[in-house]
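*Asks:* One structure follows; several queries about it will come next.
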Amino acid sequence: MKINIFSLAAVLLMCMALCPACGDRFPSGYALIMPQPPKAWVSFLGEPHWRVEWLDPDGQKQTADVRPGKSMEVEVPKTWASPVSAWPHWPSHNITPGHFKPAGAFFPFDVSGDSLSLSWEAGPATVYYWELAYAAEQDSPRIPSNFDWPRFREIFQDEKIKEAVRKDPWLVDWRTVAEKTIKSGFDKRRLVPEVRESMLIPVPSGPWYGTSPFAQSLYFPVNETPVFPVRSDIDVWISGEGILRCNRNAWFYHKYGQK
């Protein structure tokens with residue numbers, strides 16, 4: 001079912017409801033509050049660095065790196081909903097930004113005072129925003145600033161959405177969904193898991209943890225070769241013994257401490 005959730009008016013009304021007569025009442029900057037990473041990530045890899053992406057007051061995309069235990073402020077546009085994404089990464093393990101899924105937040109919906117609280121639940125919506133912006137055609141009315149983001153985030157409570165996607169929105173190929181949205185509008189029937197194949201990979205039995213904070217860990221019998229879901233893009237899996245990188249064509253396993 002196609003749903004018209006490109007509604008600038010809805011966003012503006014929400015902004016007014018959150019902050020009547022906003023104007024100069026908005027702080028000049030917002031301190032970012034990061035969510036707690038999954039315990040398995042920290043246990044195996046340590047505390048993450050964060051690659052932060054946001055829009056500055058001129059609507060230009062900015063990036064910055066935040067070290068573990070540090071914080072930062074961002075200035076954002078005050079006249080439309082805008083995203084902030086924070087990608088966890090671990091330079092000491094050669095895990096670069098983009099492999100592990102990000103946390104996210106939207107101004108003004110996740111604002112509290114002069115803070116902007118990021119959550120894992122908002123991460124997929126912020127990535128969808130960036131993908132819409134990338135796919136948007138010139139002069140198209142279907143641009144992310146015209147999107148009703150509060151309504152979009154409520155969609156994942158709809159029981160008509162596949163259960164697997166409600167549990168883990170990162171199963172969706174958001175780039176493809178964004179491209180189709182720009183061409184013909186939003187259709188929640190496109191929110192389905194990306195097709196993956198199964199691959200036998202002779203690595204330790206695990207358990208293995210994926211790059212989505214919502215993903216279920218994988219357990220394999222000790223005497224059986226593990227079977228991983230794979231796709232064309234590279235996926236990363238971590239265990240107590242090492243890191244696995246794999247796609248449909250190849251895989252590479254690296255033990256911790258191995259040079």
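The values are calculated or read from the model by the stated rules, or taken from the named source; none is laboratory data. In this text, all values refer to a predicted model and were calculated from it rather than measured experimentally. Please note: Cβ atoms are built from the backbone with ideal geometry, for glycine as well, and neighbour counts cover all protein chains shown. Note: accessible area is taken over every heavy atom of the protein model, side chains too, but ligands, DNA and RNA are not part of it. Shrake-Rupley method; radii C 1.70, N 1.55, O 1.52, S 1.80 Å.
*Asks:* For residue 147, which sequence-distant residues (separation of 5 or more, or a different chain) have an amide H within less than 5 Å of its own amide H, given hydrogens modelled in the peptide plane?
*Replies:* 7
*Asks:* Here is a further query. How long, wide and thick is the stretch 163-218, going by the Cα atoms along their three principal axes, in whole angstroms, largest first?
*Replies:* On the principal axes, the stretch 163-218 reaches 45, 20, 16 Å in Cα extent.
*Asks:* Let me ask you something else. Along the Cα-to-Cβ line of residue 205, 7 Å from the Cα, sits a label point; which residues in the stretch 221-235 have backbone N less than 19 Å from it?
*Replies:* 221-229
*Asks:* Sticking with this structure for a sec: When only DSSP loop residues count, what trypsin sites (Lys or Arg not before Pro) in the stretch 49-119 have their Cβ near at most 15 other Cβ atoms within 10 Å?
*Replies:* 70
*Asks:* Quick one: if you stick a label point 7 Å off each Cα along the C-beta vector at residue 36 and residue 162, how many nm between them?
*Replies:* 3.1
*Asks:* When Rg is the radius of gyration of the Cα atoms in the stretch 155-259 and Rh is its Kirkwood radius, what does Rg/Rh come to?
*Replies:* A ratio of 1.04.
*Asks:* Continuing with this model, one more query. From the backbone phi of the stretch 42-54, what are the Karplus-calculated ³J(HN,Hα) couplings (6.51 cos²θ - 1.76 cosθ + 1.60, θ = phi - 60°) in whole Hz, Gly and Pro given as x?
*Replies:* Ordered by residue, 3J(HN,Hα) equals 5, 4, 8, 10, x, 5, x, 7, 10, 9, 9, 10, 7 Hz.
*Asks:* Continuing with the same structure: Run through every distinct alpha carbon pair of the chain and return the Kirkwood hydrodynamic radius in angstroms, one decimal place.
*Replies:* For the chain, inverting the mean 1/r across all distinct Cα pairs yields 19.7 Å.
*Asks:* Expressed as a rounded percentage, what relative contact order does the chain have, with Cα pairs under 8 Å and six or more residues apart?
*Replies:* Averaging sequence separation for qualifying contacts and normalising by length gives 17 percent for the chain.
*Asks:* Multiply the residue separation of residue 194 and residue 225 by 0.36 nm, subtract the distance between their alpha-carbon atoms, and state the gained length in nm to one decimal.
*Replies:* 8.8 nm
*Asks:* For the chain, what does -39500 (n - 2.57) per DSSP helix run (n ≥ 4), summed and divided by total residues, give at 222 nm, in deg cm²/dmol to the nearest 500?
*Replies:* Per the formula, -5500 deg cm²/dmol.
*Asks:* Moving on to the next point. Any number yet on Rg/Rh for the stretch 106-203, C-alpha, Kirkwood?
*Replies:* Rounded to two decimals, Rg over Rh is 1.03.
*Asks:* Using θ = phi - 60° and the Karplus relation 6.51 cos²θ - 1.76 cosθ + 1.60, list the HN-Hα couplings for the stretch 235-240 in order, rounded to whole Hz, with x at every Gly or Pro.
*Replies:* Here the 3J(HN,Hα) series is 10, 10, 10, 10, 9, x Hz.
*Asks:* Continuing with the same structure: Counting only protein heavy atoms and using a 1.4 Å probe, what share of the accessible area of the chain belongs to carbon plus sulfur, as a whole percent?
*Replies:* Looking at the chain in its full context, I get 49 percent from C and S.
*Asks:* Find the accessible area per residue for the stretch 139-259; the probe is 1.4 Å, ligands and nucleic acids are left out, and the unit is Å².
*Replies:* Per residue, the stretch 139-259 has an accessible area of 56 Å².
*Asks:* For residue 254 and residue 71 in the same chain, what is the full-extension length gain: residue separation times 0.36 nm, less their Cα-Cα distance, in nm?
*Replies:* So the extension gain works out to 62.8 nm.
*Asks:* Where does each of 109-119, 218-228 land if you order them by average Cβ count within 10 Å, highest first?
*Replies:* Result, highest mean Cβ count within 10 Å first: 109-119, 218-228.
*Asks:* With the contact rule set at Cα under 8 Å and sequence spacing of 6 or more, what percent relative contact order holds for the stretch 20-157?
*Replies:* It comes to 22 percent, rounded to a whole number.
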